[in-house]
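One structure is given here, and the rest of the page talks about it.
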Amino acid sequence: MTEKQQYWILETKHCGYAFGLNKNGILVNTYWGKRMESQSDYPAPPESDGWASFNGPTQVLQEEYPAYGGMCFHEPCLKATFEEGVRDVVLQFESETTINNELVINLRDIHYPLKVSLHYRSHTDFDLIERWVEVENFGKETITLERVFSAIWHFPVGGEYFLSHLTGRWNDEFNLVREPLTPGVKVLESRRITSSHHHNPWFLVDDGNCTEDNGKVWFGALSWSGNWKATAEVTNFYTTRLGIGINDWDFVWQLREGEIFSSPHAICGFSDKGYGEASRLLHNFIRDELVPHNKQVHKVLYNSWEATFFDVNEPSQAKLAKIAAEIGVELFVVDDGWFHRRNNDKAGLGDWWPDSEKFPHGLTPLIEKVNRLNMDFGLWIEPEMVNPDSDLYREHPDWILHYPTRQPTLARNQMILNMARPDVQEYIFSKIDRLLTENNIAFIKWDMNRNVSEPGWPTAPGDQREIWVRYVEGLYKVWGDLRKQHPGVIWQSCSGGGGRADLGILKFADQIWVSDNTFALDRLRIQHGFSQIFPAVTMESWVTDADRGKIPLEFRFHVSMCGSLGVGGNLLLWDKAEIMESTYWISHYKKHRQVIQFGDQYRLSKKSMQYMSKDAEKGVLFVFQTESNLNNSPITIHLRGLNPELKYKVEGLQEILTGAEWMSRELSYPFKLYESAMLEISAY
Ligand code: DGJ
């Protein structure tokens, strides 16, 4: 706290964030941006009497955590109904506590027994601030919560802003969009029970002068794998704000006596070094703080899905495994099709034991073969789902999300289990736990291949609309318990590709299957979007047969080598030359993956990526010609992230120059369509 009374400043390495009570006791945000020289430089909380008779003070001010009440018509963070039907929340400051890097501001309603605690955790070295809220009912009567956002952020007054976000659909995820924010509300959200292919719970706001390397950016992400909502609002007073949290669409939460509702955590940051630095800050945090096996290099994997689809059995997989081992694969993953009566997508989901015709002696003989080839073994599961044609559904038809009077909508012939139910959680845990206990399984791909319909829960203990939160909590519980029980297993999150890629799932999964789209050019675009948030180590990328015969294998390998490399083509069809070339690229990747997976990433352009080790001693540069380039114009780039004083050699170029010299020099690659390069950068 400064000499300003009841004023709080959070600082990280380069960022400052401040808010305080104004004279009328309104908690107002005063600053979010570059860290000030001195704490006394942060502005004092402004006052306002409102604007004519139509707008109260809170309509004009930048409230730190606005609740729906009084004459405030903006998007609120909190909306609640009290027993008497009162739908007006008036929060007042009550107390504060600070423990280590965590500040808690306690607010309470002026009449009702509702306490709202705003939590702030400064991650000083990561240059990020984490925020969440807890809402407590300390009275006897139930309070109905209708919206609880994790945070709202205000951007400097007077600015005009642009919002960048990621949008898409199945097979076409992570398209980066940048658009001006104009008066009104722009809503991004998921109503699909997962974070979704369609939008990602991430935002970046800039003031119009932003590039990859320069300019002010304010950014954040929500750590939540279910329905979420972000509202970016330009008010009638030309101030701009953005709130994020669990989606209030179809959401209700009955907060009973003594209960606390905790929101998901949100993370936010500011940088004056453009998009690139914003991504690197998130990358560091995700890699070092969230992802469970954060120090472990990801092995080169082979996934059999695109080779054998449902035609999985011991001989077919063993043949693939043999070739996979020859080319240098370290982890062999059997995808969909291995379990009870799973011959196509019409049956089997829910019955998580090996199919007795395909694997008459269980999975062990195949796993042993794979292990003898010096590879780990991995397996695909889709535990939240059930086919009508399954033993599980025949026994427990009431376990799915459903309304008793409606026919459940099938998508890919499957329905969604109600993960909020403890019996469903126990069933899934016991089946997957058994698989992991009885078999030497090092890796699990956890898939989810449809979105929600009929989100009913007839036997819900409270309001059925709590399902949106309780489903995700159930998912986290099962996954978390499995992790605890089998700490060595590496997990991949997949939802038909990138349908569940968020900071919440990365507390459980070590990596993400980014998209089912493995066409190299599409993939480069998708990876570009993905890299806005997620580090390369989490980005599983396979070389498949998608462009076989059309785009050189070298180019396809280079695309996948930008993340955690995998192979997904039908190796039985690959000729000698392809096998030899794959062997070369896989071994080359292994030499450089430490830098790619754990280094800093620089998007030099949409056609070029650079990775530098944290000590700036080693780097890798990828360049791709993605266009027909009829004019023969070269791809030109400037290297980034070198130590200006160190001397470096860049593969393919003769000179030994200092980092400063290299970074100011334009490098030029006159490539033809589908030519690519992977070049080593090394301190000399
Ligand atoms: C969707 C995934 O994204 C694919 O990689 C594959 O695992 C299939 N599901 C299997 O059903």
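The values are calculated or read from the model by the stated rules, or taken from the named source; none is laboratory data. Being a predicted model, the structure only gives us computed values, none of them experimental. Reconstructed Cβ throughout: ideal geometry from the backbone, glycine too, with neighbour counts over all protein chains shown. All accessible areas refer to the heavy atoms of the entire protein, side chains included, with ligands and DNA or RNA removed. Shrake-Rupley method; radii C 1.70, N 1.55, O 1.52, S 1.80 Å.
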So which residues in region 614-624 are open to solvent by 10 Å² or more (accessible area, probe 1.4 Å) and part of a strand (DSSP E or B), if there are any at all? K618
Any chance you could count how many residues in region 265-301 are closer than 22 Å to V333 by Cα and more than 16 Å from the ligand (Cβ to nearest atom)? 10
Please report, ordered by residue number, the helices (runs of 4 or more DSSP H) entirely within region 255-343 with at least 3 residues that are touching a helix residue (DSSP H, G or I) at 6+ places or on another chain (Cβ under 8 Å). 314-327
In region 44-94, which residues are more than 34 Å from the chain's Cα centre (by Cα), open to solvent by less than 50 Å² (accessible area, probe 1.4 Å) and of a type outside the set (A, V, I, L, M, F, W, C)? P45, S48, G50, N55, G56, P57, G85
Hey, any hits in region 371-390 for a residue that's part of a helix (DSSP H, G or I), over 22 Å from Q425 (Cα atoms) and modelled with pLDDT of 95 or more? yes
Any residue at all in region 302-312 that is among the small types (G, A, S) and within 16 Å of the ligand (Cβ to nearest atom)? yes
Do we find a residue being open to solvent by 10 Å² or more (accessible area, probe 1.4 Å) and more than 28 Å from the chain's Cα centre (by Cα) anywhere in region 114-133? yes
Tell me, please, whether a residue that is hydroxyl-bearing (S, T, Y), open to solvent by less than 50 Å² (accessible area, probe 1.4 Å) and either at pLDDT 95 or above or not in a loop (DSSP other than H, G, I, E, B) (or both) can be found in region 175-194. yes
What is the residue count in region 155-199 for residues that are within 23 Å of the chain's Cα centre (by Cα) and more than 30 Å from C494 (Cβ to Cβ)? 1
Could you look through region 327-347, keep only residues that are open to solvent by less than 10 Å² (accessible area, probe 1.4 Å) and away from the ligand (no atom under 15 Å from the Cβ), and pick out the one that is farthest from M375 (Cα to Cα)? I327
The residue from P66, P76, P43, P57 that alone is more than 28 Å from G215 (Cα to Cα) and either without any contact (Cβ under 8 Å) to a residue 40 or more places away in the chain or of a type in the set (D, E) (or both) is P57
Do you know which residues across region 154-175 are within 16 Å of G529 (Cβ to Cβ) and acidic (D, E)? D172, E173
Can you spot a residue in region 442-464 that is touching a residue at least 24 places away in the same chain (Cβ under 8 Å), more than 16 Å from the ligand (Cβ to nearest atom) and among the basic types (K, R)? no
Among the residues that make up region 324-332, is at least one of them touching a Pro at 6+ places or on another chain (Cβ under 7 Å) and within 25 Å of M385 (Cα to Cα)? no
Go through the residues of region 15-28 one by one and say whether even a single one is over 30 Å from G274 (Cβ atoms), among the β-branched types (V, I, T) and buried (at least 20 other Cβ atoms within 10 Å of the Cβ). yes
Does L571 meet the test of being surrounded by fewer than 23 Cβ atoms within 10 Å (Cβ to Cβ) and in contact with a helix residue (DSSP H, G or I) (Cβ under 9 Å, 6 or more places away or on another chain)? no
Among the residues of region 403-446, which ones are open to solvent by less than 40 Å² (accessible area, probe 1.4 Å) and either at pLDDT below 95 or over 25 Å from A501 (Cβ atoms) (or both)? P408, R421, Y427, D433, N439
Does region 498-516 contain any residue that is open to solvent by 10 Å² or more (accessible area, probe 1.4 Å), within 16 Å of the ligand (Cβ to nearest atom) and over 11 Å from the mean Cα position of the chain (by Cα)? yes
Any chance region 256-264 includes a residue that's of a type in the set (A, V, I, L, M), in the same structural domain as Y17 (by TED's automatic domain parsing) and touching a strand residue (DSSP E or B) at 6+ places or on another chain (Cβ under 7 Å)? yes
Is there a residue being surrounded by fewer than 24 Cβ atoms within 10 Å (Cβ to Cβ) and part of a loop (DSSP other than H, G, I, E, B) anywhere in region 224-234? no
May I ask you to list the residues in region 593-613 that are assigned to a helix (DSSP H, G or I), open to solvent by less than 20 Å² (accessible area, probe 1.4 Å) and touching a residue at least 60 places away in the same chain (Cβ under 8 Å)? I596, Q597
For region 447-462, check the following and say yes or no: at least one residue is under 27 Å from the mean Cα position of the chain (by Cα), closer than 28 Å to F359 by Cα and open to solvent by 30 Å² or more (accessible area, probe 1.4 Å). yes
Residue pairs meeting the criteria (Cβ under 9 Å; at least 6 apart or on separate chains; first polar (S, T, N, Q), in region 165-180; second assigned to a strand (DSSP E or B) and open to solvent by less than 30 Å² (accessible area, probe 1.4 Å)): T167/E173; T167/F174; T167/L188; N171/G497; N171/S515; N175/L166; N175/G168
Quick one: is T167 open to solvent by less than 50 Å² (accessible area, probe 1.4 Å), in a strand (DSSP E or B) and within 20 Å of G226 (Cβ to Cβ)? yes
Pairs with Cβ under 6 Å, 6+ apart, first in region 383-395 and open to solvent by less than 10 Å² (accessible area, probe 1.4 Å), second in a helix (DSSP H, G or I): P383/I428; V386/L392; V386/Y393
Among the numbered criteria (1) open to solvent by less than 10 Å² (accessible area, probe 1.4 Å); (2) out of contact with any Pro (no Cβ under 7 Å at 6 or more places or on another chain); (3) under 19 Å from V312 (Cα atoms), which single criterion is violated by P365? (1)
